[in-house]
Every structure is written in C-alpha cells, then in structure tokens.
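**Q** Below is the structure I would like to discuss, written out as structure tokens.
The values are calculated or read from the model by the stated rules, or taken from the named source; none is laboratory data. Fair warning: this is a prediction, and the values are worked out from it, not measured in the lab. When we count neighbours, we look across all protein chains shown, and the Cβ atoms used for this are built from the backbone with ideal geometry, even at glycine.
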C-alpha cells in the first residue's frame, strides 16, 4: 500500500473555524489541532481484556484543544460537527468522546460547521477561556 503525505493537518472547514476563533481569542490562549485523547486524558486500565478497545478509543482525536500559552493548561476541547457527524458510526464515537470528556471533567464544546460562524458561539468560547485563564495557576516569573 502506497503512503502519501497529507498537505494540511486540518480540513478547509476546520481551518476556517480556527482562523475565525483565533482572531477573537486572547493572546495568552493557543489553539492545538487534532489532539489525541491519549494526550489529554489518562485512564487506569484495570481490565486487561479491554486494553485494545481502550487503545482504539485513545487514538481518537478532538478537533481543537485550547490551552493557556504559558502553562499549556488545557481549558477547552472543541469538536466541529460537519456532515460526517450524521453517520451512525460517527455518532457512536461522538457519544464516547462526550462520555470520556464529561467523566474527566474536561470542558467540551460541540460547534456545528457553518458558512458564517455565529458570534454568539465564538463569544461564549472566548469568554469561557478568559474566565478559565484568569483562574489559572501561572508560575511566578524568575
């Protein structure tokens, strides 16, 4: 099987959303793309029979993860819902993602893909980030 390079890490719709959101976020917030669940969640595996199932789940990704620049503390996970989220398999994966994020108490937002993003949604995300970033434990400068 021939392998080929993917030229961009995000889809055109993800790029559009990221650029729109970035314009409105405070300078101390970074957007990370396509972060694997294994990089943002930890689970103690007690049932060895489910280890392969768990590995598959942890290889799933979240579209965007917002973090505080200085500390890299995770503030919010964002999943964009495009046409593919209407498929039954994708719906099951979305349910599993929501369950895992809720259980871990990691804040999570689902945003429907739009031609033009509603500023109400963008403002909610931005205000949430400002609030969370203000409560962050920022280390003292040397």
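**Q** Tell me, yes or no, whether the range 63-71 has at least one residue that is surrounded by fewer than 19 Cβ atoms within 10 Å (Cβ to Cβ) and either in a helix (DSSP H, G or I) or within 14 Å of the chain's Cα centre (by Cα) (or both).
**A** No - not one qualifying residue is present in the range 63-71.
**Q** Do you know which residues across the range 76-100 are without any contact (Cβ under 8 Å) to a residue 60 or more places away in the chain and under 12 Å from residue 40 (Cα atoms)?
**A** Those that are without any contact (Cβ under 8 Å) to a residue 60 or more places away in the chain and under 12 Å from residue 40 (Cα atoms): 76, 77.
Condition check ((1) over 28 Å from residue 115 (Cα atoms); (2) at pLDDT 80 or above; (3) surrounded by 16 or more Cβ atoms within 10 Å (Cβ to Cβ)) across all residues:
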residue: 9; (1), (2), (3): no, yes, no
residue: 18; (1), (2), (3): no, yes, yes
residue: 39; (1), (2), (3): yes, yes, no
residue: 53; (1), (2), (3): yes, no, no
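**Q** Run down 76, 106 and say which single residue is surrounded by 14 or more Cβ atoms within 10 Å (Cβ to Cβ), modelled with pLDDT of 85 or more, within 14 Å of the chain's Cα centre (by Cα) and part of a loop (DSSP other than H, G, I, E, B).
**A** Of 76, 106, the one residue that is surrounded by 14 or more Cβ atoms within 10 Å (Cβ to Cβ), modelled with pLDDT of 85 or more, within 14 Å of the chain's Cα centre (by Cα) and part of a loop (DSSP other than H, G, I, E, B) is 106.
**Q** Go through the range 116-131 and report how many residues are modelled with pLDDT under 90 and surrounded by 14 or more Cβ atoms within 10 Å (Cβ to Cβ).
**A** Residues in the range 116-131 being modelled with pLDDT under 90 and surrounded by 14 or more Cβ atoms within 10 Å (Cβ to Cβ): 1 in total.
**Q** Considering each of 137, 85 in turn, give the residue that is at pLDDT below 85 and within 21 Å of residue 11 (Cα to Cα).
**A** Matching residue, one of 137, 85: 85.
**Q** Of the conditions (1) closer than 30 Å to residue 59 by Cβ; (2) out of contact with any helix residue (DSSP H, G or I) (no Cβ under 7 Å at 6 or more places or on another chain), residue 131 satisfies every one except a single condition; which number is it?
**A** Every condition holds for residue 131 apart from (1).
**Q** Could you tell me whether residue 96 is exposed (fewer than 15 other Cβ atoms within 10 Å of the Cβ), modelled with pLDDT under 80, part of a helix (DSSP H, G or I) and more than 13 Å from the chain's Cα centre (by Cα)?
**A** For residue 96, the condition - exposed (fewer than 15 other Cβ atoms within 10 Å of the Cβ), modelled with pLDDT under 80, part of a helix (DSSP H, G or I) and more than 13 Å from the chain's Cα centre (by Cα) - is not met.
**Q** Which pairs turn up if I take residues in the range 1-30 that are on the phi < 0 side of the Ramachandran plot and look for partners that are surrounded by 10 or more Cβ atoms within 10 Å (Cβ to Cβ) and part of a loop (DSSP other than H, G, I, E, B) with beta carbon separation below 6 Å, at least 6 apart in sequence or on another chain?
**A** So the pair list comes out as 13/82; 13/113; 20/117; 28/69; 30/69.
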